[in-house]
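Below is one structure, written out as structure tokens, with a few remarks after it.
The values are calculated or read from the model by the stated rules, or taken from the named source; none is laboratory data. This structure is a prediction, so every number in the text was calculated from the model and none was measured. Note: accessible area is taken over every heavy atom of the protein model, side chains too, but ligands, DNA and RNA are not part of it. Shrake-Rupley method; radii C 1.70, N 1.55, O 1.52, S 1.80 Å.
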Amino acid sequence: MPKVLCNIKEMIIKEGKALLKANGYSNLNIREVAKNCNIAVGTLYNYFSNKDELVAEIIFTHWREILVYIDLLTTSEEPLKEKLIALSQYLDSFFKNYSSVFSDILENKGSHCPRHQILPHLYEVVETMISVAIEKGEINPSLSAQKLSKILVPSMFFITRVEDLTFEDYYSILKLN
């Protein structure tokens with residue numbers, strides 16, 4: 001009688017995430033993921049046709065969890081500065097987990113990096129936050145909300161890599177008031 005396993009896909013994603021974090025993208029092995037889940041490799045391939053699909057799903061699963069918090073920021077009554085600092089912290093955490101994965105994927109595969117599917121939503125969220133702050137009279141920027149978001153989002157990624165610079169430091173030089 002075949003064994004019945006519940007939540008196989010979630011189990012694969014969880015184990016894949018642990019192995020991805022421990023071993024990196026290049027050393028992530030589908031057979032090891034299957035073995036650690038106590039399933040056959042063929043069963044894993046019923047859910048993911050290759051390593052890249054599994055890695056993309058791991059990243060998007062984590063990203064969707066973060067989106068819940070990021071989307072709550074847009075409706076929060078906090079000042080724009082506090083919202084952007086919180087967003088920067090979420091991004092810092094996310095990209096610290098996956099920056100080496102993105103680098104490995106870009107190095108090996110070119111433009112199939114999940115990062116390209118994450119950025120458009122970030123621009124939209126930041127633009128919305130800025131627009132709300134402008135409407136409230138909280139800030140009076142010289143640039144449109146859209147242009148300002150195009151400056152802020154890449155800056156958030158850069159700042160996460162600089163040890164002695166915080167997003168709060170960066171925000172102070174923007175002079176949005």
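Stretching the chain fully between E138 and E82 yields a gain of 18.9 nm (0.36 nm per residue, less the alpha carbon separation). Residue by residue, region 76-93 carries 3J(HN,Hα) couplings of 5, 8, 5, x, 3, 4, 5, 4, 5, 5, 4, 4, 4, 5, 4, 5, 4, 4 Hz when phi is fed to the Karplus relation 6.51 cos²θ - 1.76 cosθ + 1.60 (θ = phi - 60°); x denotes Gly or Pro. Rolling a 1.4 Å probe over the heavy atoms of the protein chains gives the chain an accessible area of 58 Å² per residue.
If the chain linking E163 and A18 were pulled fully straight, counting 0.36 nm for each residue of separation and taking away their Cα-Cα distance, it would gain 49.6 nm. The three principal axes of the C-alpha atoms in region 34-100 carry coordinate ranges of 51, 24, 18 Å, sorted with the longest axis first. Once all protein chains are placed together, E135 keeps about 150 Å² accessible to a 1.4 angstrom probe.
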